[in-house]
Structures are given as structure tokens and as C-alpha cells.
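Structure first, then comments.
Just so you know, all these numbers are worked out from the coordinates, no wet-lab data involved. Just so it is clear, the structure is predicted and the values come from calculations on it, not from any experiment. Ideal geometry is used to build each Cβ from the backbone, glycine not excepted, and the neighbour counts take in all protein chains shown.
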Ligand code: GLY
């Protein structure tokens, strides 16, 4: 990846990040594995390459098959990279030399990948711990198994908890240079969302809208941070199907975000009327979601747990649903029982950074820490971030109200939470779909700040954006 923010000495940034993690780990060696190319249907035809996010954070190099060793006692790092042979030059062109790569990462030493095995064999012989992070792809599991001369299961159980904790602590606090990257991604995401609102019309196909937003990012050398969700079935939380023709009177939910060339995510959701005008009942539900989102943003500040923000947001939502006759009873009791999860079966948000769900590969240590277990309650179990917020955290705030026919049928047949849910009224909404509104915020020393340019969000702003002509894909932002 390239296109690094001007004004930052990235080799020095990577050097300092590694120095800090070496100091925290103290002994043994740290093995950082970059990702490999993943075959699509045969070895030579691969998916687009995406580097491992930890490797990006500590070295910034986006090239397949790299590895790095950090030696805490010696205070140094070695990059392992294959020297490009003539075949690589013929087929892929002359790339940067390995020395140039090492220099870009602020690393003094670069060695042939075969030397990596020698270093690891020596560390094992000397009974020095080899610290590594949990691998999430089969190729990394097998690469680690070969390097550590062990089996795939042992690779999974041998991960370094202290390394996971320290990486999680370090990567959770975003620097100014990282915020710049996220805002760069968001400036393109703004274009994607405005273009989608402008292009949608009854009779359009979901796939056209999805293709449009992806072309906007691609033409600016940005990938999507995750598979975009562009659908009239907003009630399907991660809808992957894009087959539907957009009907008049339907809402379109667009949950998508560009990824900056350095790998930083953005993750925005907007929901808008396909024909440009919300109906009265769509407005009512939209206003509840918007109120919940704005109040949740307002609550996010250092020291407040995201679990408390989630719980308070659920309470505000229940109060709103009560005004429409969909829920009843005491809001706090309804939330405690989990009744609101019929309409809002996910968490209020998650960490975001080099991953859209930042560091989800490290597990709950990121969002919960070591002491707090994740709840098993339906809905709450999908809350990915619960811990107290700290200045420098970047999070999503993404409440939604959904009418999920299968879930309504199931709960109603079980008479679940009847004290709080008015199923007769819910039946009136069974074909409504879903509304989610999502922004990305930075926790500051005194509160929080919504990142990126303002993307149409209030009802008048959204309706106006729906009535605009489609923006050209170029010029660049
Ligand atoms: N925006 C997709 C997700 O958070 O999973």
C-alpha cells in the first residue's frame, strides 16, 4: 500500500511502535507474519492481496509472504523477504528492492526468508519464547506450523497472550496520522453515500447501486473496507444478496466504507427512501433511530463504558417504540430482560481502525479486556465493545430498528416478552424492512467527535441528497 499521509515520518513511526512493543514483551522473540496471496480458483489466479493489519501497523509493507522478527533483548528487528528473481520482474515488473522495503519500514536488517527458520530453530533450542498473534487464515496456520515444527492445533493454542494484550493496547489508541487516514477514507465514503442516494430510484437494482459506490472508491485507488451492504432488505443485518429491484416506497440501506490506501477503514450506514421522500411512518421510525444515535454520540466520553452507552441507547429506543405502540412497560426493565432486541438485535458499535472491526482477530481482549465476560443474552452478545472508553479510541455508533419477519414469528409463537412487546401492532410493520444510521467517532479528552465530512443524516438532508443529480466519479477528493 502507498499514498502515506504527507508530513509524517512513517519509517520512524513504525520503528517507534516496534520499540515500544519490544520493551513491553521483554524476552524471547516476536514473530510477525505477513499474509500470503489466496488462490481464487487455481494458484496463479488470486484474490486481491490484503496485508495482515498487524503487519501493516508495525511495518507498513503491503507485499505477500513477508515476515519480521523482533528481538526484545537485542533491541532490533529483521525483515525477511524473497529477492525478486527474473521471472518476477518479467511477470510483475521491477518492484522495490528488499533494502528499499526495509528502509520504508524503518528496519536496518533484511534477510532471505530461509534464515527465518534458522533464527526460530535457535530460539526453540535456547528455550526462548516465540511470541506470535492468533492466525486467522489456513495459509498462516500452516506457515506457522511449518516454521515452529508443530501441528495446526498447537499453533492455535500457542499464541502469546501478552503480545495480544500489548498490541491491543497500542493499536486501540489512534494517532493523529491514523485519524488522517480514516478521514481520508471517509471523504470518499461521503461521495459513495451521496452518489447512492442520488442514483437510487424505483426500478433500480441493488447491484447497480453497489457497483456505483464501489467504482467511486476504486477510481480513487481505494478498496472497500468490507463487503458493502446495499439493500432494500435492511432488516437482514449483513445482507449479501444484491438481486432485488428497488420498489417504490421502499427504504434503501447502504452500509459501506472505503479503505484508505494505507489500509484504514471507514464504516458508514445511511438509510434513505428509494423515491426520495420518506413516508410518515418511515419518518417516525427514522427519527427514533436518529435520536438514539445522536444521544449515544453525546454520551461517548472517556471513562464511560460502551456497555452503558449501549444500555442507555436501548432505553431511548424502547421509549420511542412505546410512542408508536410497538412496546410497552418500563423501559429499563424491558432492556434488562432483552425485549428491545426484537427490534435491535446487535450492539451499538465496535472499534475501528486498520480493520473495520478493529483487531477482532485478537478476540474479546480488545472490546472487553481480561475481566469482563461477554454476555450470552440475545442481542447483547453481539456487543463487540463494552469497556470504558479512552481518548484515542475510534468507534462506530450504529443503532438500528429492524422488523425481521422470522424473528417476529418465532418470538410471537413463544409469547416471548409479551409484557413489553405489542405483537398485534408489530404485525403492521412486518414488511417495513430496517433502518440503521452509523457514524465513526473519535473519543477525545472531553467527549467525542464525529469523523469525516458531514454525510446527509437528518430527514431534510437525506431527502435533499436523494434529489441531487449524480456526482461525477472524478475529480478526486
Ligand atoms: N458495517 C459492517 C459491520 O460492522 O459488520
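Here are the numbers for the structure shown:
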quantity: Per-pair calculated FRET efficiency, R0 = 60 Å: residue 218 and residue 118 via Cβ, rounded to 0.05; calculated: 0.90
quantity: Burial ranking of peptide ranges 379-386, 343-350 (average Cβ count within 10 Å, highest at the top); calculated: 343-350, 379-386
quantity: Normalised alpha carbon radius of gyration of the chain [divisor 2.2 N^0.38 Å]; calculated: 1.05
quantity: Over 17 Å [Cα-Cα, the range 398-455], rounded percent; calculated: 56 percent
quantity: √(5λ) per eigenvalue of the Cα gyration tensor, the range 153-196, largest first, Å; calculated: 35, 16, 6
quantity: Förster radius 22 Å - calculated FRET efficiency between residue 243 and residue 37 (Cβ-Cβ, nearest 0.05); calculated: 0.15
quantity: For the range 1-51 and the range 408-477, distance of Cα centres in Å; calculated: 35 Å
quantity: Cα→Cβ-extended label distance, 7 Å offset, between residue 464 and residue 298, nm; calculated: 2.2 nm
quantity: Length gained when the stretch residue 161-residue 287 is fully extended (0.36 nm per residue, less Cα-Cα span); calculated: 41.0 nm
quantity: Estimated inter-spin distance, residue 337 and residue 205, nm [label 7 Å along Cα→Cβ]; calculated: 4.6 nm
quantity: Exposure proxy order (Cβ contacts within 10 Å, fewest to most) of 143, 18; calculated: 143, 18
quantity: Inter-probe distance in nm under a simple model that places probes 7 Å from Cα toward Cβ, at residue 170 and residue 12; calculated: 1.8 nm
quantity: Ordering of 245-256, 218-229, 191-202 by burial proxy (mean other Cβ atoms within 10 Å per residue, highest first); calculated: 191-202, 245-256, 218-229
quantity: More than 24 angstrom apart: percent of Cα pairs within the range 238-339; calculated: 42 percent
quantity: Euclidean distance of C-alpha centroids, the range 220-295 and the range 97-141, integer Å; calculated: 41 Å
